[in-house]
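Remarks on the structure that follows.
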Amino acid sequence: MYPDMLMKLQISSTSAPLLDIKPGNLTISPKLDIQAYVILPNSSLAPAFLLNLTTTALAKVAVNSGRIVGSLQLSRYVHT
C-alpha cells in the first residue's frame, strides 16, 4: 500500500501481564496491541494495520564477571 515509506509502531499493553518467577528464570505473558502507521511525506501518520498479540517469553538473567547478562526467548505468540 505504501511501498518504500518509513513506518512507526505504537505498542501498548491491553492488560497487566502475567508474571511467573522461579529460581533461574522469569516468565512473562503480556497481551499487546501493536498499531502500525505509515509516515507520509508531510510527516502525518496513516494507519496501516493493528495486531492483537498474546505472547509468552522466558527471560534468564545472570551476573558474569560483574556484568549483568541474560537471554530472552519468545516461546509462544498468538495474534488475532
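The values are calculated or read from the model by the stated rules, or taken from the named source; none is laboratory data. Since the structure is predicted, the reported quantities are computational estimates derived from the model, not experimental observations. Cβ sites come from the backbone with ideal geometry, for glycine too, and all protein chains shown count toward neighbours.
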Inset, instruction - Hey, could you check segment 1-40 for residues that are touching a residue at least 24 places away in the same chain (Cβ under 8 Å) and outside any strand (DSSP E or B) and say which is nearest to Gly70 (Cα to Cα)? - result: Gly24
Legend entry - Residue under evaluation Ala46, criteria (1) of a type in the set (Gly, Ala, Ser); (2) assigned to a strand (DSSP E or B); (3) free of Cβ contacts under 8 Å to residues at least 40 places away in the same chain, criterion not met: (3)
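State all residues of segment 19-36 that are within 10 Å of Ala57 (Cβ to Cβ) and surrounded by fewer than 15 Cβ atoms within 10 Å (Cβ to Cβ); if no residue qualifies, say none. Outline the logic, then answer.
Just the residues of segment 19-36 that are within 10 Å of Ala57 (Cβ to Cβ), to begin with: 26-30.
Correct list: Ser29 only.
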Inset, instruction - Starting from residues that are part of a strand (DSSP E or B) and exposed (fewer than 11 other Cβ atoms within 10 Å of the Cβ), keep the ones in segment 51-74 and report whichever is modelled with the highest pLDDT. - result: Arg67
